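Below: the structure, in structure tokens.
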Amino acid sequence: MRISNWINGKECPPQDDCWLDKFNPHSGEILSQVADSTAEDTRRAVSVAEAAFAAWSDLTPVRRGQILMDIVAAMKGRAEELADCIAIETGKPPQDAKGEVGAAILQAEYFAGEGMRLYARSLTSGTPGKYSHTVRQPRGIAGLIVPANTPIANIAWKTFPALICGNTVVLKASEDAPRIALLFAQLAKQAGLPDGVFNVIQGLGQSAGATLVTDERVSVISFTGSTVVGRWIAEVAGRRLARVSLELGGKNPFVVCDDADIEQAVHWAALSAFSNAGQRCAAGSRIIVFKEVYEDFRDKLVAKAQNLKLGVAAGCDLGPVVSKRQQQSILAVIENSNREGGTTLCGGAAPSTAELSNGYYIQPTLVEGLNAHAELSRKEVFGPVATLHVVETLPEALALANATEYGLTAAIHTRNVDRAMWFAQRVRAGVANINLGTYGSEPHMPFGGFGASGNGTREPGVEALDVYSELKNISFLIRPNQI
Ligand code: NAD
């Protein structure tokens with residue numbers, strides 16, 4: 001199967017006719033061939049988005065919302081097909097893929113409704129008879145760049161707020177989850193989205209994605225991905241004063257106090273560290289536990305990790321990571337953790353069973369005994385791997401939680417409201433959860449991080465509208481002699 005770009009409402013093969021192989025993460029077999037787009041392909045998509053802008057931005061937000069609501073209906077009608085595609089491309093068990101489609105639909109529904117709520121402010125004035133109000137206007141062309149970990153959710157997260165604000169879109173799909181972007185584009189057209197308003201470029205970041213960052217016509221870049229690429233985007237797009245929204249990596253702390261409900265803490269720690277095969281920016285990859293309960297918690301978490309079922313069948317707990325490259329880099333970091341004094345309590349390798357050995361699997365892995373400076377304590381690995389750390393007090397737990405360049409999410413488990421709120425107020429993270437996992441955002445809640453986890457923007461929630469729109473202040477003077 002060949003997966004093309006989507007430009008001006010139709011499939012467009014890459015101009016150079018070059019294709020990349022996309023592998024099935026579960027079996028290691030070739031799944032499809034993906035357009036290996038060049039800068040020229042991307043520029044073509046930008047030109048089409050530029051031409052479509054006037055008509056799309058001229059529609060009232062309410063009308064745009066109605067069209068987006070029709071896309072929501074189409075997503076609901078084809079939810080199973082979308083979930084099947086995600087399950088195969090990313091290696092997610094089916095119930096997780098369905099859950100992700102449900103989350104994307106909710107996201108889409110929320111922003112489609114914003115068409116009737118694209119509020120701004122009315123203001124007072126120091127001049128008699130003068131009145132002021134602000135309006136939201138689109139930025140222009142939005143360049144959206146997404147990773148593969150939750151592909152349809154990532155697409156919905158950016159596309160719907162960008163479109164409701166009146167922008168046209170060029171989406172750079174993930175090379176590891178290309179087909180879902182094409183399916184979404186086809187479905188949006190069938191639902192009534194005018195041609196040229198939403199375009200998809202497939203291919204690699206350097207060749208296809210970077211052009212979105214450098215093209216002067218793209219006035220807002222929203223990027224979800226690694227911190228290293230995010231830094232480059234901020235620098236290059238910043239130079240030409242494009243608006244940039246960065247949703248980057250995390251190394252999120254999960255704190256277990258001595259008064260925590262240990263069963264609940266184990267349940268949430270396992271989900272935070274291992275669900276989606278650990279491929280979450282919000283994964284709980286540093287588990288910080290009070291000394292009094294450390295052994296009890298550790299033994300229960302190790303038992304839980306060892307009982308998790310790997311595979312892509314219904315009911316499996318986690319699938320493979322998305323690519324061989326990612327699998328190999330995770331295994332290398334685990335190996336290095338042993339050289340740095342860590343002890344692998346469980347996992348630590350790819351499974352050897354015949355059924356899984358060709359896929360990009362990593363057994364759920366827990367490592368203890370590393371200090372805060374070890375590579376695995378600092379580096380985001382984006383796989384089912386977490387470190388365990390012992391502390392004696394809450395201030396010590398907080399210091400360790402904050403000992404990272406990232407600051408995306410955090411969780412604490414305690415029955416004590418004073419401890420919970422003290423920690424939540426002080427932890428350096430954009431999201432702080434109490435007695436929950438480190439993940440679990442909802443469409444109306446702002447998400448984003450401190451430090452190397454982003455550049456201070458928040459998506460989704462109404463805050464996403466600030467990313468995709470420009471505020472204009474309009475004032476007028478009432479002339480009393482004219483009444
Ligand atoms: P990545 O940065 O390698 O790639 C992400 C996307 O950017 C891909 O589509 C890729 O092709 C593209 N890209 C790569 N180089 C580019 C360049 N120079 N110019 C333009 N585009 C480029 O990240 P990944 O490994 O695919 O994804 C995992 C990362 O994403 C992790 O760091 C994870 O934490 C992060 N992430 C963050 C969030 C969040 O909301 N904060 C959510 C999900 C994932």
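The values are calculated or read from the model by the stated rules, or taken from the named source; none is laboratory data. Worth saying up front: this structure is predicted, and the values here are computed from it rather than measured. All Cβ positions, glycine included, derive from the backbone under ideal geometry; neighbour counts span all protein chains shown. With ligands, DNA and RNA removed, areas are computed over all heavy atoms of the protein, side chains included. Shrake-Rupley method; radii C 1.70, N 1.55, O 1.52, S 1.80 Å.
Output wanted: per-residue J couplings in Hz (rounded whole) for the stretch 144-151, from phi through Karplus 6.51 cos²θ - 1.76 cosθ + 1.60, θ = phi - 60°, x for Gly and Pro.
10, 10, 10, x, 9, 5, 9, x
Need the C-alpha centroid separation for the stretch 109-141 versus the stretch 36-65, integer Å.
23
Collect residues whose amide H, placed 1.01 Å from N in the peptide plane, falls under 5 Å from the amide H of V218; neighbours closer than 5 in sequence don't count.
Result for V218 returns nothing.
Using R₀ = 41 Å, calculate the FRET efficiency as 1/(1 + (r/R₀)^6) where r is the Cβ-Cβ separation of N481 and A55; round to 0.05.
0.50
Quick check: from the Cα gyration tensor, does the stretch 253-434 come out rounded (a/c under 1.5), prolate or oblate?
Prolate, because a/c is 1.5 or more and a/b exceeds b/c.
Take the solvent-accessible surface of the protein heavy atoms, probe 1.4 Å, and return the percent of it on the chain that carbon and sulfur atoms account for.
On the way: 10250 of 19500 Å².
With neighbouring chains kept in place, the figure for the chain is 53 percent.
Students often check this: by mean Cβ neighbours within 10 Å, which of 8-19, 215-226, 110-121 ranks highest, and how do the rest follow?
Taking the mean over residues of other Cβ atoms within 10 Å, the ranking is 215-226, 110-121, 8-19.
Stretch A349-D16 to full length: gain in nm at 0.36 nm per residue minus the Cα-Cα span?
Length gained between A349 and D16: 115.9 nm.
Applying the Karplus parametrisation 6.51 cos²θ - 1.76 cosθ + 1.60 with θ = phi - 60° to the phi angles of the stretch 435-447, what ³J(HN,Hα) value in whole Hz is obtained for each residue in order, glycine and proline being reported as x?
So the Karplus estimates, Gly and Pro as x, are 6, 9, x, 7, 10, x, 7, 10, x, 8, 10, x, 10 Hz.
Lysines near K10 by alpha-carbon distance under 18 Å, same-chain residues fewer than 8 away left out - which ones?
The qualifying lysines are K172, K189.
Per residue, how much accessible surface does the stretch 253-434 expose to a 1.4 Å probe? Answer in Å², no decimals.
For the stretch 253-434, the per-residue accessible area is 40 Å².
Where nothing but the Cβ of Lys and Arg (+1) and of Asp and Glu (-1) is charged, how large is the charge dipole of the chain around its Cα centre, in debye to the nearest 20?
Rounded to the nearest 20 debye, it is 1520 debye.
What's the magnitude of the charge dipole for the stretch 374-483 around its Cα centre, counting Lys and Arg as +1 and Asp and Glu as -1 at the beta-carbon? Answer in Debye, nearest 20.
Working: 9 positive and 11 negative charges, 57 e Å.
So the dipole magnitude of the stretch 374-483 works out to roughly 280 debye.
Tilt of helix 227-239 relative to the longest C-alpha principal axis of the chain, in degrees (0 to 90, nearest 10)?
In the chain, helix 227-239 runs at an angle near 20 degrees to the longest axis.
With a 1.4 Å probe and all protein chains kept in place, how do R64, R2, R298, R415 rank by accessible area, largest first?
R415, R2, R298, R64
Determine the dipole magnitude for the stretch 229-320: charges of +1 sit on the beta-carbon of Lys and Arg, -1 on that of Asp and Glu, nothing else is charged, the reference point is the Cα centre, and the result goes in debye to the nearest 20. Numbers along the way, then the final one.
Values: 12 positive and 11 negative charges, 168 e Å.
Charge dipole, the stretch 229-320, about its Cα centre: 800 debye, nearest 20.
Please name which of I474, P25, A277 has its Cα lying farthest along the dipole of the chain towards the positive end, using unit charges on Cβ (Lys, Arg +1; Asp, Glu -1) and the Cα centre as origin.
The residue sitting farthest along the positive end of the dipole is I474.
Distance from the Cα centre of the stretch 384-449 to that of the stretch 157-232, in angstrom?
One Cα centre to the other: 31 Å.
Could you tell me whether the chain comes out rounded, prolate or oblate from its Cα gyration tensor? Rule is a ≥ b ≥ c as square roots of the eigenvalues, rounded for a/c under 1.5, then prolate if a/b exceeds b/c, otherwise oblate.
Oblate.
Based on a Kirkwood Rh over C-alpha pairs, give the Stokes-Einstein translational diffusion coefficient of the stretch 83-239 at 20 °C and viscosity 1.002 mPa s in µm²/s.
Using the Kirkwood radius from Cα pairs, D works out to 126 µm²/s.
Would you mind checking which residues have amide H under 5 Å from E459's amide H? H placed 1.01 Å from N; only 5 or more apart, or other chain.
Here F447 satisfy the definition.
Where Lys and Arg each count +1 and Asp and Glu each count -1, what net charge lies around C316 among other residues with Cβ under 10 Å from its Cβ?
Summing Lys/Arg as +1 and Asp/Glu as -1 gives 0.
Among I105, P161, G347, whose Cα sits farthest toward the positive end of the charge dipole of the chain (+1 at Cβ of Lys/Arg, -1 at Cβ of Asp/Glu, about the Cα centre)?
In the chain, that residue is P161.
Only bridges with both residues in the chain count here: give the DSSP antiparallel percent, nearest 5.
Counting DSSP beta bridges with both partners in the chain, the antiparallel share is about 35 percent.
If you count only protein heavy atoms and use a 1.4 Å probe, how large is the accessible surface of H373, to the nearest 10 Å²?
Around 140 Å² of this residue is reachable by solvent.
Going by a ≥ b ≥ c, the root eigenvalues of the Cα gyration tensor, does the stretch 334-483 fall in the rounded group (a/c under 1.5), the prolate group (a/b larger than b/c) or the oblate group?
prolate
Sum -39500 (n - 2.57) across every DSSP H segment of at least 4 residues in the chain, then divide by the residue count to get the 222 nm mean residue ellipticity, nearest 500.
After summing the helix terms and dividing by residue count, I get -12000 deg cm²/dmol.
Under the rule of at least 5 residues apart or a separate chain, name every residue whose amide H is placed under 5 Å from the amide H of F198.
Amide H neighbours of F198: V169.
Karplus couplings for the stretch 301-317 from phi (6.51 cos²θ - 1.76 cosθ + 1.60, θ = phi - 60°), rounded to Hz, Gly and Pro as x?
5, 4, 4, 4, 4, 5, 8, 5, 9, 8, x, 10, 7, 4, x, 5, 7
At 1.4 Å probe size, with no ligands or nucleic acids counted, give the accessible surface of L31 in Å², nearest ten.
Its heavy atoms expose roughly 50 Å² to the probe.
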